[in-house]
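Only one structure is covered here, and it is reproduced in the block below.
The values are calculated or read from the model by the stated rules, or taken from the named source; none is laboratory data. Note that this is a predicted model, so its numbers are computed, not measured. Positions of Cβ are generated from backbone atoms using ideal geometry, with glycine treated the same way; all protein chains shown enter the neighbour counts. Heavy atoms of the whole protein, side chains included, go into the accessibility calculation; ligands, DNA and RNA do not. Shrake-Rupley method; radii C 1.70, N 1.55, O 1.52, S 1.80 Å.
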Amino acid sequence: MVHTFVAYVEDIPGVLTRVASLFRRLNINIQSLTVGGSERPGLSRLTLVCESSGEASHRIRASLFKLENVVDVDDIAQAPSVTRELALIKVAVTAQTRSQVFELVEVFRARIVDLTSESLMIEMTGVESKIEGLIEILKASDCRILELCRSGKMTMRRGHHTSGVLRALGAKSNEEVVAGAIAGGESD
Amino acid sequence: MAKQTKQDNTHLTTPTQLTGAEIVWATLVGEGVTTVFGYPGGAILPVYDALRKFPIHHVLVRHEQGAAHMADGFARASGKVGVAMATSGPGATNLVTGIATAMLDSIPMVCITGNVSSKVLGTDAFQEVDITGITLPVTKHNFLVSRAEDIAPALRQAFQIAQSGRPGPVLVDITKDAQQAKALFDFEAAKPKPYRPHPMLGFNDAGLEKAAELIRNSKRPVILAGHGVMESGAMEQVRSLAERAQIPVALTLLGLGGFPASHPLNLGMMGMHGEAWVNDSIQNADLLIACGMRFDDRVTGTLSSYALNAKKIHIEIDPAEVNKNVKVDVGLIGDLRNVLEELLPRVGGRDGSAWLKTIDASKGESAVRDIKNIPDSGHLYAAHVMHDLWKLTGGDAVVATDVGQHQMWEAQYFHHEKPRTLVTSGGLGTMGFALPAAIGAKFGCPDKEVWVIAGDGGFQMTAAELATIVQEKIKINIAIINNGYLGMVRQWQEFFYEGNYQSTPLVSPDFVKLADAHGIAGATVRTRKELDEAVEKARATDGPFLLNILVEKADSVYPMIPAGSALHEMILRPRKKNPLIETAEDE
Ligand SMILES: Cc1ncc(C[n+]2csc(CCOP(=O)(O)OP(=O)(O)O)c2C)c(N)n1
Ligand SMILES: [Mg+2]
């Protein structure tokens, strides 16, 4: 199954290698990884999506916490959350095909961010399926995709949470997952 | 040569301006370090130059792998953090096997390496190697330090990480310019923040109650005691649990000594070379109480057939180990001693006699086949050697073993009563470990009798450290179990490769002459009769002593669970040799 982890990590050299190296060691392929700033000074926030067995999430989260530079880990699991991706798509256009792309952009609520006589650049944020929808339609159209760049996923839980309580939340969700197996193993 | 004068063992308590190199030693002194095992070179030379001002003894090794194993042996025998030091490049890479050995067995160790100047980092400068990159998967954590002011905080944090939670090795790589620059040394200010316990640690009343109930209701319980018993200092607690509820105790290789071998509830070692009744009782158990062990494949056999009728309680400090190999019914994630202290008041007396009788009865058959009962036929069996060594040393010595058949025979026939008396590489199975680890153990426990028990193969991997023993003037006894083969591999070839002894017969030097060349006394032992006298002579000799013990060449360790078989599918000591079928999963 697909797992999504959100982690706060120290913003210092080498931390990403440690995270990536853990997944390499576990022989798990990372499908998507985004890293950037967070509301907590000195900490970066990353969203990591990977495919692995259902039980693996406990071990992945526990192993992430064993990295000294990892401060918080949230296993999003099935929790209500918002996931977004950003895509930049450069498309070859002619005077004849340009308006067709404009229409598509309108329908998909994307934006044109660069325009030349031979090409234009589309910026689009949204869920994966929506971005893939636009790409499919563009591919099927007469306009060739010149460049495509996708950011990978960013995920945030819904509701009035700050990352300060993520850990507690994560602990809960994790225990739900393994409750059957580690009966009584949850912390008070 | 100018005589070195050392200051008293007081560490600098007032902030002082020092060079980075001096800060290294001042911090080590502050952390209570008295011995460092290492080897100098260009990139660590400033640190070596500063050593004369500090009350730390440096042991010059013959190969950096030896330094890492010595630090490891020091830690295993004493319970304190071991420290190894090396220069950049080849010095640092030579440490790697020793670091991995410590990692796999959760040994607290700090390795300090020099590196090229920060101005040329990343340029493939002379003897530059990315040692923090190389050791990333085999350290608990590592640091690259390029400023003098960062040295003390990094080192102090390294000591904290090495000893906290599940222990492990930490490497601190320090650039040469950081060693040469000056900074304010303030030991107190360099103190790390309190260690963050793993956030997924936890056990509550419900879990403890459930565990107690499982124990109450069980008819055939077995305690599985591992290395965590020693690491957490839970010997008393495990013993209380066993005695109160009359539960037999099976031990992992690294758990040996954590529960007295002579205790009536001690079953012995479990797993690949555990006695048949130990593994059978695990397979027949209705409850397993795993204490500080990780269900390694060497103790479980195939997982799909492992202890299928047993409920499982897992008491473990590393949350990533719980439900990793074996699904458990109750996970109590925390320090073993703390957990047991909470659990014990909930566990009442239990009558375990029926189950203990059943186990006892099952010993009969295997005991008959025990090699100890084979009459002296003039052949010298390694198992006899272990048995006699144990008897003669009163079982009180610290034994460092190498890896192979002799290691398993030691585990079977040398009965360890006390924790930290067996120093052995379990997780990584590193040949060449015994001799350097024993040197480290001797520094960790100077008053103890220390024995090396090594194979003729593994001994030659780090035999150069004989010179270290002599230079350091320490007393260690060495028993080489010389069977003329890479014995354990030969055994696998006999069992699973139709006796094709490819690359396992081994020509060795005359070990007694080798010892003599180092100024170490020695003797060759050919019969069981000669053994007693030789061992007593070794023990009575002031200096180190080497015994070259010529044992039966083609003997095998029994029982054995072939890799990929179930725990109860053991190969027992044959009355006649029995043909065996190769399994898919062997190495
Ligand atoms: C560094 C290393 N290389 C290879 C092995 C594989 N190996 C395991 S046991 C063994 C044979 C050991 O022979 P010896 O030291 O003579 O001990 P014996 O088994 O004969 O008692 C080998 C080669 C290992 N464990 N470690
Ligand atoms: Mg041998």
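Could you pull out which residues in region A:81-98 have an amide N less than 15 Å from a spot 7 Å beyond the Cα of A:Ala56, following the Cα-Cβ vector?
Counting only backbone N, you get no residues.
Would you calculate the volume per residue, in Å³, of the smallest convex hull containing every Cα atom of chain A?
Details: hull volume 27.7 nm³, N = 188.
Per residue, the Cα convex hull of chain A comes to 148 Å³.
Using only Cα atoms, locate the centre of region B:160-187 and the centre of region B:21-49, then give the distance between them in Å, rounded to an integer.
So the two Cα centres are separated by 11 Å.
Would you mind calculating the gained length between B:Lys473 and B:Arg216 on full extension (0.36 nm times residue separation, minus the Cα-Cα distance), in nm to one decimal?
Details: separation 257, 0.36 × 257 = 92.52 nm, distance 5.49 nm.
Fully extending the segment from B:Lys473 to B:Arg216 adds 87.0 nm.
Which distance in Å, rounded to a whole number, links the C-alpha centroids of region B:206-240 and region A:1-75?
Going from one Cα centre to the other spans 33 Å.
Lys pairs in region B:263-392, Cα-Cα under 20 Å, at least 8 apart or on separate chains: how many? Show your work: numbers first, answer last.
On the way: B:Lys311/B:Lys324; B:Lys311/B:Lys327; B:Lys312/B:Lys324; B:Lys312/B:Lys327; B:Lys363/B:Lys372; B:Lys372/B:Lys391.
Final tally of qualifying lysine pairs is 6.
Just in region A:70-113: which trypsin sites (Lys or Arg not before Pro) are loop by DSSP and have at most 13 other Cβ atoms within 10 Å?
Details: sites: A:Arg84, A:Lys90, A:Arg98, A:Arg109, A:Arg111; in loops: A:Arg109.
Passing both the DSSP loop test and the Cβ count: A:Arg109.
Can you compute the FRET efficiency between B:Ser240 and B:Asp376 using 1/(1 + (r/R0)^6), with r the Cβ-Cβ distance and R0 = 45 Å? Round to the nearest 0.05. Walk me through the numbers on the way to the answer.
Working: r = 41 Å, r/R0 = 0.92.
E between B:Ser240 and B:Asp376, to the nearest 0.05, is 0.60.
Take every residue in peptide A:42-48, count the Cβ atoms of other chains within 10 Å of its Cβ, and give the average of those counts. Walk me through the intermediate numbers first.
Values: counts 0, 0, 0, 0, 0, 0, 0.
That works out to 0 on average.
Where Lys and Arg each count +1 and Asp and Glu each count -1, what net charge lies around B:Ala43 among other residues with Cβ under 12 Å from its Cβ?
Details: positive: B:Lys176; negative: B:Glu128, B:Asp173, B:Asp177.
Result for the neighbourhood of B:Ala43: -2.
With a 1.4 Å probe on protein heavy atoms only, tell me which residues of region A:67-83 lose at least 40 Å² of accessible surface in the complex relative to the chain by itself.
A:Glu68
Looking at chain B only, what percent of DSSP beta bridges run antiparallel? Nearest 5 please. Kindly include the intermediate steps, with their values, before the conclusion.
Working: 8 of 73 bridges.
If I count the DSSP bridges inside chain B, around 10 percent turn out antiparallel.
Angle between the Cα long axis of helix A:56-66 and the longest principal axis of chain A, 0 to 90 degrees, nearest 10?
80 degrees
How many Cβ atoms of partner chains, on average, are near each residue of A:55-63 if near means within 10 Å of its Cβ? If you can, show how the numbers build up before the last one.
Values: counts 3, 0, 0, 7, 6, 1, 4, 12, 4.
Partner-chain Cβ atoms within 10 Å, mean over residues of A:55-63: 4.
What is the distance in Å between the Cα centroid of region A:89-121 and that of region B:442-460?
Computed from Cα coordinates, the inter-centre distance equals 75 Å.
Taking 7 Å along the Cα-to-C-beta vector as the label spot, tell me the B:Thr14-B:Asp447 distance in nanometres, rounded to one decimal.
For the pair B:Thr14/B:Asp447, the computed spacing is 3.7 nm.
Could you give log10 I(q)/I(0) at q = 0.10 Å⁻¹ for chain B, computed by the Debye formula over C-alpha point scatterers of equal weight, without solvent?
Here the Debye-derived log intensity ratios amount to -0.89.
Other chains' Cβ within 10 Å of B:318-326 residues: what's the mean?
Details: counts 3, 11, 9, 2, 7, 8, 5, 0, 0.
Across B:318-326, the average partner-chain Cβ count within 10 Å equals 5.
Net charge near B:Thr358: determine it from the other residues with C-beta under 11 Å of the C-beta of B:Thr358, scoring Lys and Arg +1 and Asp and Glu -1.
Net of charged neighbours comes to +2.
Protein chains only, probe 1.4 Å: how do A:Asp142, B:Asp205, B:Asp388 rank by accessible area, largest first? Before the final figure, lay out the partial values.
Numbers: A:Asp142 125, B:Asp205 95, B:Asp388 15 Å².
Greatest to least solvent exposure: A:Asp142, B:Asp205, B:Asp388.
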